[in-house]
Amino acid sequence: MSGRGGRTIKVDTLARVEGEGALYIKMAGDRVADVKLKIYEPPRMFEAFLRGRHFSEAPDITARICGICPIAYQMSAVHAIERALAIKIDPAVRLLRRLFYCGEWIESHALHVYMLHAPDFLGYQDVIEMAKDHRAAVEKALRLKKIGNRIVHLLGGREIHPISACVGGFYKVPSRKQVQELVSDLEWALEASLETVRWTSTLEFPPFEQEYEFVALQHPDEYPLNEGRLVSSHGLNIDAAEYEDRFVEVHVKHSNALHSVMRGKGSYFVGPLARFNLNFGRLPEIAQKAAIEAGLRPPVKNLFRSIVVRAVELVFACAEALRVIGEYEAPAAAHVDVANRAGVGQAITEAPRGILYHRYAVDENGLIVAAKIVPPTSQNQRRIEDDLREYAGHLAAWPIEEATWKCEQAVRCYDPCISCATHFLKVRIDRQ
Amino acid sequence: MLIIGCGNRQRGDDAAGLIVAERLRDGGIPTQTCSGEATEVMELWRDHDDVIIIDAVTTASRIGTLHIWDPEGLPKNCQVSASTHGLGIAEAVELSRTLGQLPARLRVYGIEGREFGVSSEISPDVMRAIEIAVGRIESEIRSRA
């Protein structure tokens, strides 16, 4: 587009992300002059809301930050507080928490792969348009999501904003028989997930690769959900307690949300692609095989292939849920008793869309005196801007509507849950 | 009849649908509640013929306005469900229709809200609309008894 006058691409609303905000891209010819991810709502309300509350309330309060990943919030909260109070949980409770998280991953990934992201690849305005031609795919998504809901319902009491996880365990745990009732559904879901990997692998992926610093949890022998060290593709290897030494949130003028950056470096990448690239060998064999057959070998650097990686993680979540159910025996006690004491604890868990950091300081009465929450979307925001800065330049010669659509598709690769970071999200691109 | 109240109790006026459902339940009328996310709503109303769903909405109307729409009358440009989801009730209606799963009789009670910030209070106008919605639904149920 050299020699051509500047132009404006404007997308006021970015649909199919969880929430609403605005992404603004300003172009001057074929050069990207500016990229701003704008967020409208003060993101730290919940941190303030938690201060003065008893630690036992934190899992339920934080679960209400997001309707799509409430379990992630509960899990990071209970782990951080358990660390602050030096509590050890029963191994059977640990297993149940893995199952709980698998339920959320199935719900979230099924929704995103089929209903939020696939329409971009297939050229539909939205899933409603897509359903007219791909009814079976949409029905598969609905059934997959329902199976995730069943797991969450069994362990959480209700699907959205679960209430049964608590500091020290669960308020109530299911019997072995109850969890085994999930098996036939999960066996179907595993098969459907394998089909999802094959289906997504046939989509067309724009040839866009970047040198990302991938950041994810890493456990010695499990694909990460609830615990592990925080590692990166560039040599980071830290405990959650060191997180704030290495990452910092910076306020940017154009956004109410804080952008998380690596100190001294800049943006980084969290989410399925990061987990896959850093933990491929820890995936169950069935997921590894599905990935390889779909043409995925780590490191995957094409942002758009994240839809296939998400499908591979669906396979993992179903296989892992079945494994946990096979091993599960109800613990003697649903939770350990927890006494008030002062302490500080940090935890990182893997929300469907990437790492979620929580830190709590509690006093001797068990009241929260400080809370810090860094959601995955805050961690990816700077990375999204960096990608768009590069990718929008590739689209300079495209008609404005198509370029806008491709940029939205790129943003949706991150499955941004803007409601975690803030409330609503909108997107706008200007060419001048 | 299935009655579904949608919303988020932590986000001000977005709690409207949930409060209507709770008020009805207090009066002995069975109700369901959910966030308003499309697939969740579709799961709830699947295999039901007669459904009322209540949620906070934002259109150009005055705060506290009570809208009652059938699926055909649902305005295209309003945000039904102010909750933090990309897919809400409007999408649930359209997707259900496409998949042949739309309840034979469906009414959407939309309560016009304005304050959706985290931990904000419910607006007095919305509280008044909640009471009107409860009364309307109770009358409808009584008239059928």
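Can you work out which of the residues in the range A:45-82 that are hydroxyl-bearing (S, T, Y) and in contact with a helix residue (DSSP H, G or I) (Cβ under 6 Å, 6 or more places away or on another chain) is nearest to the other protein chains (Cβ to nearest Cβ)? Lay out the reasoning, then the answer.
Of the residues in the range A:45-82, the ones hydroxyl-bearing (S, T, Y) are A:56, A:62, A:73, A:76.
Keeping just the survivors that are in contact with a helix residue (DSSP H, G or I) (Cβ under 6 Å, 6 or more places away or on another chain) gives A:62, A:73.
Details: A:T62: 10, A:Y73: 12 Å.
It comes out as A:T62.
Condition test on B:I63, is it of a type in the set (A, V, I, L, M), under 20 Å from B:A104 (Cβ atoms) and away from chain A (no Cβ under 11 Å)? Before you say what the answer is, go through the steps one by one.
On the way: of a type in the set (A, V, I, L, M): yes; under 20 Å from B:A104 (Cβ atoms): no; away from chain A (no Cβ under 11 Å): yes.
Answer is no for this residue.
Just give me the residues in the range A:214-240 being surrounded by 15 or more Cβ atoms within 10 Å (Cβ to Cβ) and among the small types (G, A, S), in sequence order.
A:A216, A:G228, A:S232, A:S233, A:A240 - these are the residues of the range A:214-240 that are surrounded by 15 or more Cβ atoms within 10 Å (Cβ to Cβ) and among the small types (G, A, S).
Within the range B:1-30, which residues are more than 14 Å from every other protein chain (Cβ to nearest Cβ), more than 21 Å from B:E91 (Cα to Cα) and touching a helix residue (DSSP H, G or I) at 6+ places or on another chain (Cβ under 9 Å)?
B:M1, B:I19, B:V20, B:R23, B:L24, B:G27, B:I29, B:P30, listed by residue number.
Restricting to the range B:31-57, and then to whatever is buried (at least 24 other Cβ atoms within 10 Å of the Cβ) and of a type in the set (A, V, I, L, M), can you tell me which residue is farthest from the other protein chains (Cβ to nearest Cβ)?
Among those residues, the one meeting the criterion is B:I52.
Can you pull out the residues in the range A:117-129 that are part of a helix (DSSP H, G or I), surrounded by 16 or more Cβ atoms within 10 Å (Cβ to Cβ), more than 9 Å from chain B (Cβ to nearest Cβ) and not charged (D, E, K, R)?
Matches in the range A:117-129: A:H117, A:A118, A:P119, A:F121.
For the range A:160-179, give me the residue count where each residue is at pLDDT 90 or above and either facing another protein chain (nearest Cβ under 9 Å) or not in a helix (DSSP H, G or I) (or both). Before you say what the answer is, go through the steps one by one.
Of all residues in the range A:160-179, those at pLDDT 90 or above come to A:165-179.
Still in the running and either facing another protein chain (nearest Cβ under 9 Å) or not in a helix (DSSP H, G or I) (or both): A:165-175.
The qualifying residues number 11.
Tell me, please, whether a residue that is modelled with pLDDT of 95 or more, surrounded by fewer than 17 Cβ atoms within 10 Å (Cβ to Cβ), of a type outside the set (A, V, I, L, M) and closer than 26 Å to A:R64 by Cβ can be found in the range A:366-382.
No, the range A:366-382 contains no residue that is modelled with pLDDT of 95 or more, surrounded by fewer than 17 Cβ atoms within 10 Å (Cβ to Cβ), of a type outside the set (A, V, I, L, M) and closer than 26 Å to A:R64 by Cβ.
Could you say whether any residue in the range A:344-351 is more than 20 Å from A:Y268 (Cα to Cα), in contact (Cβ under 8 Å) with a residue 60 or more places away in the chain and over 19 Å from the mean Cα position of the chain (by Cα)?
Within the range A:344-351, one or more residues are more than 20 Å from A:Y268 (Cα to Cα), in contact (Cβ under 8 Å) with a residue 60 or more places away in the chain and over 19 Å from the mean Cα position of the chain (by Cα).
Just wondering, is there one or more residues in the range A:394-402 that are crowded, with 24+ Cβ neighbours inside 10 Å and modelled with pLDDT under 95? Spell out the reasoning first.
Within the range A:394-402, the first condition is being crowded, with 24+ Cβ neighbours inside 10 Å, and the residues that meet it are A:395.
So of that shortlist, the ones also modelled with pLDDT under 95 come out as A:395.
Yes, some residue in the range A:394-402 is crowded, with 24+ Cβ neighbours inside 10 Å and modelled with pLDDT under 95.
Report, by residue number, each residue of the range A:85-116 that is basic (K, R) and either within 11 Å of chain B (Cβ to nearest Cβ) or not in a helix (DSSP H, G or I) (or both). Can you show your working first?
Taking the range A:85-116 as the starting set, the residues that turn out to be basic (K, R) are A:88, A:94, A:97-98.
The answer is A:K88, and nothing else.
Residue by residue through the range A:226-260, note down the ones that are over 24 Å from A:R98 (Cα atoms) and among the hydroxyl-bearing types (S, T, Y).
A:S233, A:S255, A:S260
Picking from A:G157, A:G148, which residue would you name as being crowded, with 24+ Cβ neighbours inside 10 Å and within 14 Å of another protein chain (Cβ to nearest Cβ)? Write out each step before concluding.
Values: A:G157 fails: crowded, with 24+ Cβ neighbours inside 10 Å.
The match here is A:G148.
Say whether the condition of being more than 18 Å from the chain's Cα centre (by Cα) and among the polar types (S, T, N, Q) is met by at least one residue in the range A:102-117.
Going residue by residue through the range A:102-117, those that are more than 18 Å from the chain's Cα centre (by Cα) are none.
Looking for residues that are more than 18 Å from the chain's Cα centre (by Cα) and among the polar types (S, T, N, Q), one finds none in the range A:102-117, hence no.
For the range A:30-84, which helices (runs of 4 or more DSSP H) that fit wholly inside it have 2 or more residues that are at pLDDT 95 or above? Don't jump to the end; show me each part of the working.
Values: elements: A:45-50, A:58-63, A:70-84.
Where helices (runs of 4 or more DSSP H) fall fully within the range A:30-84 and carry at least 2 residues being at pLDDT 95 or above, they are A:70-84.
The values are calculated or read from the model by the stated rules, or taken from the named source; none is laboratory data. Here the structure is a predicted model, which means the values were calculated and not measured. Glycine also receives a Cβ, built like all others from the backbone with ideal geometry; neighbour counts cover every protein chain displayed.
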